[in-house]
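Before any comments, here is the structure.
The values are calculated or read from the model by the stated rules, or taken from the named source; none is laboratory data. The model shown is predicted, which means the values in this text are computed figures rather than measured ones. Glycine gets a Cβ as well: all are built from the backbone with ideal geometry, and neighbour counts include every protein chain shown.
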Amino acid sequence: MIDSTHSRLQQHPLDALQRFLLARLHDTPSVRTLVIAFSAGPDSLALLLAAAQIAPAMGYRLRALHVHHGLHPDADLWAAKAIEQAAAVNVPCTVLSVTVAAQANIEAAARQARYDALAQAMLSDEALVLAHHQDDQAETVLLRLMRGAGLNGLKAMEPTSEWILPSGHRLAKWRPWLALPRQAIEQWFEEAKVGLQRAKLSLPITTFCPVQDPANSDARYARTLLRSQVLPLLEGRWPEAKTLLARSAEQLAQQSHSLSTLADYWLSIHARRDHLLASTLTTLDAASLQAVISRWLQQQACSPLPAAYWPRVQTELLASRADANPMLHWSNVSLRRYRDGLYLVKDAELIQAVPEIAWVNPQEPLAWAGQIWLPPILPSEHPLWQQAWRIAPRRGGERWRPAGRYHHVLLKHWCQEQAIPPWQRQALWCLWAGDIIVKVGLTNGLSWSSTTLSDL
């Protein structure tokens, strides 16, 4: 359930963090290590100092991860500063170096590279803890409004969420200060910094001075523009603008959660093993359709469908002819329509045909591609035993006689009868005895299957 953060707003960062972690001890006892996403900037440094005071006494281990983007001349100095600051409060810090390709939206590219690096460095019993606060939430809501986001986008960030990795593994992502205004954090941080510096007299006076990224004051970046110009203008008219924007995000998150629950129920009734029925999806209104498909994608550990794609789901996928085979592709995954089915196909599961291989002695087991085993299928007296045996990928135009039939059919037509989607047919293999197809096999998407679909 979504935390009712705004109804019980904690203005003191230490209190807020302690209450948050106490709740997590009950909800997610498997998490024993807190990983601080540590830029060495003011917000993440404040979070590191607060966590170092509270977390160990609650039984949590602590470590920090600093992502080195290499985009600024001082990036090496920032990384060194992060290690120094973490060491001052006895927290190990690891620097993760990433390469960000030059592109128009360098901000988004850097963010994606950062999260990819953090994901690769995380373990299953860890939670990534981020220093996002109420001001960040307000900025995020405005940004997504300007991008035309729907419900799932406008709920913005949540205090707790699951981080679904490309591998399918799920990691916890926590934002304990999402209900706190930046001002409250800054005020506490200044007091804490002075106290720590006095307690650790041997440290340089600059140890707890945060890194200042010039990008945070560069109005060329959308978030900086909102922070420096748009939000102050809104607050001049509505002093509680940030709080109200954050509250709206929380309410939308609650509605999104309710829709997800309803979508789970719908999917439990209507979803098939590997697809959804287009005929049932067309009975849903636009909001329900988006909720169902979004939840289905989430269950399959896929990234969300881009906002601009949702109209195309209805116009290109659901409203298409049954024989059109349309497709929407994004982030190494695609939605594909085949007949009445809507399929989710991951790029990694698309199997290419393997090279042809001879079966010298069909009385001996054959291992093909190191993964598929075909047992001996014929006694030595069978006339086909004298033929040249081979396994070959489907080329097109093959004819064969499936079991129980008296006439040959095109393999293409047989695939249509069996409702094998077009993107799977390239992975079909045929077992030939001379010019006769004896068996047809199909891969399972990840490894070769020895399951025989039909016999001669």
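Can you go through 195, 148 and tell me which one is surrounded by fewer than 14 Cβ atoms within 10 Å (Cβ to Cβ), small (Gly, Ala, Ser), assigned by TED's automatic domain parsing to the domain that holds residue 113 and outside any helix (DSSP H, G or I)?
On the way: 195 fails: outside any helix (DSSP H, G or I).
Only one candidate qualifies: 148.
So, in the stretch 331-347, of the ones that are more than 11 Å from residue 318 (Cα to Cα) and small (Gly, Ala, Ser), which residue ends up farthest from the chain's Cα centre (by Cα)?
Restricting to residues being more than 11 Å from residue 318 (Cα to Cα) and small (Gly, Ala, Ser), the top hit is 334.
Restricting to the stretch 399-445, what's the tally of residues that are in a strand (DSSP E or B) and surrounded by 19 or more Cβ atoms within 10 Å (Cβ to Cβ)? Break it down stepwise before answering.
As a first pass, look at the stretch 399-445 and keep what is in a strand (DSSP E or B): 399-400, 409-410, 429-433, 436-441.
Adding the requirement that they be surrounded by 19 or more Cβ atoms within 10 Å (Cβ to Cβ) leaves 400, 429-433, 437-441.
Counting residues in the stretch 399-445 that are in a strand (DSSP E or B) and surrounded by 19 or more Cβ atoms within 10 Å (Cβ to Cβ) gives 11.
Could you go through the stretch 84-98 and let me know if any residue there is more than 18 Å from residue 47 (Cβ to Cβ), at pLDDT below 85, under 23 Å from the mean Cα position of the chain (by Cα) and among the β-branched types (Val, Ile, Thr).
So far as the stretch 84-98 goes, no, none of its residues is more than 18 Å from residue 47 (Cβ to Cβ), at pLDDT below 85, under 23 Å from the mean Cα position of the chain (by Cα) and among the β-branched types (Val, Ile, Thr).
Collect the residues in the stretch 199-222 that are free of Cβ contacts under 8 Å to residues at least 60 places away in the same chain and acidic (Asp, Glu), keeping them in residue-number order.
The first filter runs over the stretch 199-222 and keeps only residues free of Cβ contacts under 8 Å to residues at least 60 places away in the same chain, leaving 199, 201-202, 204-206, 209, 217-220.
Matches in the stretch 199-222: 218 only.
So is residue 213 in contact with a Lys or Arg (Cβ under 7 Å, 6 or more places away or on another chain) and either surrounded by 13 or more Cβ atoms within 10 Å (Cβ to Cβ) or closer than 26 Å to residue 71 by Cα (or both) or not?
Working: in contact with a Lys or Arg (Cβ under 7 Å, 6 or more places away or on another chain): no; either surrounded by 13 or more Cβ atoms within 10 Å (Cβ to Cβ) or closer than 26 Å to residue 71 by Cα (or both): yes.
Criteria not met by residue 213.
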